[in-house]
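Enquirer: Let me give you the structure first, and then I'll get to my questions.
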Amino acid sequence: MAQRRLLIPSLAALGQEAGFVINVPLDLIRIRTFQGGKLAAVAESKPDRAVRMWRSQWAPELVATADEINTVELIGEGLSDLEGEIAFRSDDQQIAVLTGMVPLRDPGFKFSPILHQAHYNVLMPNCETYVVLVNLACESDVPVRPNKLQVEIRNLAAEVMAVTEIEASLNTTYLLPIGELARRNGVVPEQGLSLRIRGGASQFAVFTVFRNLSSGALGIEHSLPPIYFTEAPFNPVLRSHYQKAAFGDLKI
(Lines give C-alpha, C1' and ligand atoms only; values in the text may rest on other atoms or scores of the structure.)
Protein backbone atom coordinates (compact mmCIF):
# COMPACT_ATOMS: atom_id res chain seq x y z
CA MET A 1 0.00 0.00 0.00
CA ALA A 2 1.46 3.34 -1.08
CA GLN A 3 2.06 6.19 1.32
CA ARG A 4 2.70 9.76 0.22
CA ARG A 5 2.92 12.99 2.13
CA LEU A 6 1.91 16.59 1.50
CA LEU A 7 4.03 19.19 3.31
CA ILE A 8 2.00 22.29 4.20
CA PRO A 9 3.79 25.44 5.36
CA SER A 10 2.39 27.99 7.76
CA LEU A 11 1.59 31.48 6.51
CA ALA A 12 0.18 32.53 9.88
CA ALA A 13 2.77 35.33 9.94
CA LEU A 14 0.98 36.76 6.88
CA GLY A 15 -2.49 36.32 8.39
CA GLN A 16 -3.40 33.18 6.42
CA GLU A 17 -4.99 29.89 7.49
CA ALA A 18 -3.62 26.77 5.78
CA GLY A 19 -5.70 24.05 4.18
CA PHE A 20 -5.61 21.34 1.51
CA VAL A 21 -7.76 19.59 -1.09
CA ILE A 22 -7.42 15.95 -2.16
CA ASN A 23 -9.63 14.28 -4.76
CA VAL A 24 -8.71 10.59 -4.96
CA PRO A 25 -9.93 7.40 -3.22
CA LEU A 26 -8.00 6.88 0.02
CA ASP A 27 -7.97 4.41 2.88
CA LEU A 28 -6.77 6.92 5.45
CA ILE A 29 -5.61 10.51 5.90
CA ARG A 30 -3.30 11.24 8.83
CA ILE A 31 -2.50 14.90 9.59
CA ARG A 32 0.39 15.77 11.89
CA THR A 33 0.95 19.27 13.24
CA PHE A 34 4.44 20.28 14.37
CA GLN A 35 5.06 23.41 16.43
CA GLY A 36 8.49 24.51 17.55
CA GLY A 37 9.84 21.49 15.68
CA LYS A 38 7.93 19.02 17.88
CA LEU A 39 4.85 16.94 17.17
CA ALA A 40 1.90 18.77 18.74
CA ALA A 41 -1.20 17.03 17.35
CA VAL A 42 -2.33 14.11 15.19
CA ALA A 43 -5.70 13.76 13.46
CA GLU A 44 -6.96 10.85 11.33
CA SER A 45 -9.96 10.40 9.06
CA LYS A 46 -11.33 7.92 6.55
CA PRO A 47 -12.43 10.28 3.81
CA ASP A 48 -14.80 10.32 0.91
CA ARG A 49 -13.20 10.79 -2.49
CA ALA A 50 -13.00 14.59 -2.30
CA VAL A 51 -11.59 16.17 0.84
CA ARG A 52 -11.24 19.88 1.65
CA MET A 53 -9.99 20.70 5.13
CA TRP A 54 -8.69 23.75 6.95
CA ARG A 55 -6.24 24.07 9.81
CA SER A 56 -9.00 25.10 12.24
CA GLN A 57 -10.76 21.80 11.51
CA TRP A 58 -7.94 19.30 12.05
CA ALA A 59 -6.24 20.94 15.06
CA PRO A 60 -8.79 23.36 16.55
CA GLU A 61 -7.24 23.09 20.01
CA LEU A 62 -3.96 24.69 18.85
CA VAL A 63 -3.35 28.32 17.94
CA ALA A 64 -1.56 28.38 14.57
CA THR A 65 2.06 29.51 14.84
CA ALA A 66 4.39 31.09 12.29
CA ASP A 67 6.89 28.22 12.41
CA GLU A 68 4.51 25.27 12.36
CA ILE A 69 4.22 22.71 9.60
CA ASN A 70 1.42 20.30 8.85
CA THR A 71 2.03 17.00 7.11
CA VAL A 72 -0.82 15.21 5.37
CA GLU A 73 -0.09 11.51 4.98
CA LEU A 74 -2.19 9.74 2.36
CA ILE A 75 -2.55 5.98 2.59
CA GLY A 76 -4.06 4.04 -0.28
CA GLU A 77 -3.43 2.57 -3.73
CA GLY A 78 -2.13 4.33 -6.84
CA LEU A 79 -0.67 7.43 -5.21
CA SER A 80 2.68 7.59 -7.01
CA ASP A 81 1.82 10.47 -9.37
CA LEU A 82 -0.75 12.20 -7.21
CA GLU A 83 -0.85 15.97 -6.79
CA GLY A 84 -2.53 17.83 -3.97
CA GLU A 85 -3.82 21.35 -3.62
CA ILE A 86 -2.48 23.50 -0.81
CA ALA A 87 -4.73 26.43 0.03
CA PHE A 88 -4.61 29.51 2.24
CA ARG A 89 -7.40 31.83 3.26
CA SER A 90 -8.06 34.99 5.22
CA ASP A 91 -11.11 37.22 5.62
CA ASP A 92 -10.21 38.94 2.34
CA GLN A 93 -8.92 36.27 -0.02
CA GLN A 94 -8.23 32.64 -0.78
CA ILE A 95 -5.27 31.31 -2.79
CA ALA A 96 -4.18 27.82 -3.78
CA VAL A 97 -1.42 25.95 -5.60
CA LEU A 98 -1.14 22.41 -6.97
CA THR A 99 1.95 20.56 -5.80
CA GLY A 100 3.36 17.05 -5.83
CA MET A 101 3.57 14.63 -2.94
CA VAL A 102 6.80 13.54 -1.28
CA PRO A 103 7.56 9.97 -0.17
CA LEU A 104 7.51 8.94 3.47
CA ARG A 105 11.06 8.21 4.61
CA ASP A 106 12.13 5.72 7.26
CA PRO A 107 13.79 6.93 10.48
CA GLY A 108 17.51 7.43 9.95
CA PHE A 109 17.16 8.32 6.26
CA LYS A 110 20.04 10.56 5.14
CA PHE A 111 18.73 13.50 3.15
CA SER A 112 20.80 15.11 0.42
CA PRO A 113 21.29 18.89 0.48
CA ILE A 114 18.91 20.92 -1.62
CA LEU A 115 19.65 23.33 -4.45
CA HIS A 116 17.06 26.06 -5.03
CA GLN A 117 17.32 28.83 -7.60
CA ALA A 118 14.97 31.64 -6.56
CA HIS A 119 14.82 33.65 -9.77
CA TYR A 120 11.20 34.78 -9.98
CA ASN A 121 10.94 37.73 -7.59
CA VAL A 122 8.76 40.84 -7.41
CA LEU A 123 10.80 43.44 -5.52
CA MET A 124 9.10 46.78 -6.10
CA PRO A 125 8.73 49.24 -3.19
CA ASN A 126 5.18 48.04 -2.44
CA CYS A 127 5.87 44.31 -2.91
CA GLU A 128 7.82 41.61 -1.13
CA THR A 129 8.71 38.11 -2.26
CA TYR A 130 9.22 35.30 0.24
CA VAL A 131 11.00 32.00 -0.22
CA VAL A 132 9.01 29.62 1.97
CA LEU A 133 11.06 26.64 3.14
CA VAL A 134 9.05 23.91 4.84
CA ASN A 135 11.18 21.02 6.10
CA LEU A 136 10.64 17.73 7.87
CA ALA A 137 13.52 15.64 9.23
CA CYS A 138 11.63 13.05 11.25
CA GLU A 139 9.63 13.03 14.44
CA SER A 140 12.51 11.75 16.55
CA ASP A 141 15.61 11.96 14.36
CA VAL A 142 18.36 14.53 14.79
CA PRO A 143 20.36 14.92 11.54
CA VAL A 144 24.11 14.55 11.69
CA ARG A 145 24.58 18.15 10.53
CA PRO A 146 22.67 21.37 11.28
CA ASN A 147 19.89 22.41 8.94
CA LYS A 148 21.97 25.29 7.59
CA LEU A 149 21.66 26.77 4.12
CA GLN A 150 23.94 29.11 2.21
CA VAL A 151 22.21 31.96 0.38
CA GLU A 152 23.89 33.76 -2.52
CA ILE A 153 22.32 37.06 -3.57
CA ARG A 154 22.92 37.67 -7.28
CA ASN A 155 22.10 40.50 -9.66
CA LEU A 156 20.45 40.03 -13.05
CA ALA A 157 23.85 39.29 -14.61
CA ALA A 158 24.21 36.39 -12.12
CA GLU A 159 27.07 38.18 -10.33
CA VAL A 160 27.27 37.36 -6.62
CA MET A 161 26.52 40.51 -4.62
CA ALA A 162 26.52 38.96 -1.14
CA VAL A 163 26.65 35.58 0.59
CA THR A 164 25.00 34.75 3.88
CA GLU A 165 23.68 31.77 5.84
CA ILE A 166 20.35 30.88 7.37
CA GLU A 167 19.32 28.02 9.61
CA ALA A 168 15.88 26.51 9.18
CA SER A 169 15.02 24.81 12.46
CA LEU A 170 14.04 21.18 12.05
CA ASN A 171 10.38 20.40 11.30
CA THR A 172 9.42 24.04 10.76
CA THR A 173 8.36 26.65 8.23
CA TYR A 174 10.94 29.33 7.44
CA LEU A 175 9.86 32.51 5.63
CA LEU A 176 12.75 34.28 3.91
CA PRO A 177 11.81 37.81 2.71
CA ILE A 178 14.10 38.46 -0.24
CA GLY A 179 13.93 42.25 -0.25
CA GLU A 180 14.58 42.48 3.48
CA LEU A 181 17.45 39.97 3.22
CA ALA A 182 19.05 41.98 0.42
CA ARG A 183 18.87 45.25 2.33
CA ARG A 184 20.38 43.64 5.45
CA ASN A 185 23.33 42.61 3.29
CA GLY A 186 23.82 46.00 1.63
CA VAL A 187 22.14 45.11 -1.68
CA VAL A 188 19.41 47.22 -3.30
CA PRO A 189 16.57 44.80 -4.15
CA GLU A 190 14.85 47.03 -6.72
CA GLN A 191 17.73 46.45 -9.18
CA GLY A 192 16.43 42.90 -9.68
CA LEU A 193 17.83 39.89 -7.86
CA SER A 194 17.91 36.13 -7.73
CA LEU A 195 18.98 33.82 -4.92
CA ARG A 196 20.81 30.52 -4.96
CA ILE A 197 20.07 28.50 -1.83
CA ARG A 198 22.05 25.35 -1.02
CA GLY A 199 22.34 22.99 1.92
CA GLY A 200 20.00 21.57 4.53
CA ALA A 201 19.58 18.18 6.17
CA SER A 202 15.84 17.57 5.84
CA GLN A 203 13.09 16.78 3.39
CA PHE A 204 12.09 20.14 1.92
CA ALA A 205 9.21 21.61 0.00
CA VAL A 206 9.85 25.11 -1.36
CA PHE A 207 7.28 27.75 -2.28
CA THR A 208 7.42 31.35 -3.47
CA VAL A 209 4.92 33.82 -2.03
CA PHE A 210 4.35 37.30 -3.46
CA ARG A 211 2.80 39.94 -1.23
CA ASN A 212 1.43 43.36 -2.12
CA LEU A 213 2.34 45.40 0.95
CA SER A 214 -0.37 47.98 0.21
CA SER A 215 -3.38 45.68 -0.23
CA GLY A 216 -2.11 42.53 1.50
CA ALA A 217 -2.95 40.45 -1.59
CA LEU A 218 -0.90 37.27 -1.99
CA GLY A 219 0.15 34.96 -4.79
CA ILE A 220 1.87 31.58 -4.41
CA GLU A 221 3.86 29.17 -6.56
CA HIS A 222 5.64 25.93 -5.77
CA SER A 223 9.21 25.28 -6.87
CA LEU A 224 10.37 22.25 -8.82
CA PRO A 225 13.41 20.20 -7.75
CA PRO A 226 16.35 19.78 -10.17
CA ILE A 227 15.13 16.31 -11.22
CA TYR A 228 12.53 18.08 -13.39
CA PHE A 229 15.35 19.63 -15.42
CA THR A 230 18.14 17.04 -15.38
CA GLU A 231 18.39 13.27 -15.05
CA ALA A 232 21.79 13.50 -13.37
CA PRO A 233 20.60 12.85 -9.76
CA PHE A 234 19.11 9.50 -10.86
CA ASN A 235 21.91 8.49 -13.22
CA PRO A 236 24.62 6.51 -11.35
CA VAL A 237 27.26 7.58 -13.89
CA LEU A 238 26.43 11.29 -13.67
CA ARG A 239 25.35 11.57 -10.04
CA SER A 240 28.79 12.16 -8.52
CA HIS A 241 29.65 14.79 -11.15
CA TYR A 242 26.35 16.55 -10.51
CA GLN A 243 26.83 16.51 -6.73
CA LYS A 244 30.36 17.89 -7.06
CA ALA A 245 29.29 20.67 -9.42
CA ALA A 246 26.31 21.62 -7.24
CA PHE A 247 27.80 21.27 -3.76
CA GLY A 248 31.56 20.71 -4.07
CA ASP A 249 32.43 24.23 -2.90
CA LEU A 250 29.73 24.40 -0.24
CA LYS A 251 31.13 24.99 3.25
CA ILE A 252 28.51 25.44 5.95
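Enquirer: Condition test on Ser56, is it more than 30 Å from Glu180 (Cβ to Cβ) and among the small types (Gly, Ala, Ser)?
Expert: no
Enquirer: Could you tell me whether any residue of segment 237-248 is assigned to a loop (DSSP other than H, G, I, E, B), of a type in the set (Ser, Thr, Tyr) and over 13 Å from Thr129 (Cα atoms)?
Expert: So far as segment 237-248 goes, no, none of its residues is assigned to a loop (DSSP other than H, G, I, E, B), of a type in the set (Ser, Thr, Tyr) and over 13 Å from Thr129 (Cα atoms).
Enquirer: Looking at Asn126, Asn135, Asn147, can you tell me which residue is over 18 Å from the mean Cα position of the chain (by Cα) and in contact (Cβ under 8 Å) with a residue 24 or more places away in the chain?
Expert: Result of the check over Asn126, Asn135, Asn147: Asn126.
Enquirer: Right, something else. Leu6 - would you say it is more than 22 Å from Phe207 (Cα to Cα), outside any loop (DSSP other than H, G, I, E, B) and not β-branched (Val, Ile, Thr)?
Expert: In short, no.
Enquirer: When the residues of segment 16-44 are narrowed to those that are under 21 Å from the mean Cα position of the chain (by Cα) and not in a strand (DSSP E or B), which ends up nearest to Ala217 (Cα to Cα)?
Expert: Gln16
Enquirer: If you scan segment 4-16, which residues turn out to be modelled with pLDDT under 95 and in contact with an Asp or Glu (Cβ under 6 Å, 6 or more places away or on another chain)?
Expert: Arg5
Enquirer: Before we move on, is Pro25 surrounded by fewer than 21 Cβ atoms within 10 Å (Cβ to Cβ) and in contact with a Gly (Cβ under 7 Å, 6 or more places away or on another chain)?
Expert: Criteria met by Pro25.
Enquirer: Would you please name the residue that is surrounded by the most Cβ atoms within 10 Å (Cβ to Cβ), looking only at residues in segment 59-73 that are in contact (Cβ under 8 Å) with a residue 40 or more places away in the chain and under 24 Å from Arg105 (Cβ atoms)?
Expert: Once the filter is applied, the top-ranked residue is Asn70.
Enquirer: Is segment 40-58 home to any residue that is within 22 Å of Leu224 (Cα to Cα) and either surrounded by fewer than 16 Cβ atoms within 10 Å (Cβ to Cβ) or among the β-branched types (Val, Ile, Thr) (or both)?
Expert: Looking for residues that are within 22 Å of Leu224 (Cα to Cα) and either surrounded by fewer than 16 Cβ atoms within 10 Å (Cβ to Cβ) or among the β-branched types (Val, Ile, Thr) (or both), one finds none in segment 40-58, hence no.
Enquirer: How many residues, within segment 17-49, are farther than 18 Å from Leu82 by Cβ and either at pLDDT below 85 or aromatic (Phe, Trp, Tyr) (or both)?
Expert: 1
Enquirer: Listed residues Pro125, Pro47; which is assigned by TED's automatic domain parsing to the domain that holds Ala168 and part of a loop (DSSP other than H, G, I, E, B)?
Expert: Pro125
Enquirer: Still on this structure: Identify all residues within segment 188-238 that are closer than 20 Å to Tyr120 by Cα, of a type in the set (A, V, I, L, M) and surrounded by 17 or more Cβ atoms within 10 Å (Cβ to Cβ); write none if there are none.
Expert: Passing the criteria: Leu193, Leu195, Ile197, Ala205, Val206, Val209, Leu218, Ile220.
Enquirer: Right, something else. Give me the residue from segment 56-110 that is aromatic (Phe, Trp, Tyr) and outside any loop (DSSP other than H, G, I, E, B) and, out of that set, nearest to Glu221 (Cα to Cα).
Expert: The residue in question is Phe88.
Enquirer: Is it true that Asn171 is within 15 Å of the chain's Cα centre (by Cα) and either closer than 22 Å to Ile69 by Cα or not aromatic (Phe, Trp, Tyr) (or both)?
Expert: In short, yes.
Enquirer: Based on this model, can you work out whether Arg184 counts as at negative phi, modelled with pLDDT of 95 or more and either surrounded by fewer than 22 Cβ atoms within 10 Å (Cβ to Cβ) or not assigned by TED's automatic domain parsing to the domain that holds Ala18 (or both)?
Expert: Taking the combined requirement at face value, the residue satisfies it.
The values are calculated or read from the model by the stated rules, or taken from the named source; none is laboratory data. Remember, predicted model here, so these are calculated numbers, not experimental data. Using ideal geometry, Cβ is built from the backbone for each residue, glycine included, and neighbour counts are taken over all protein chains shown.
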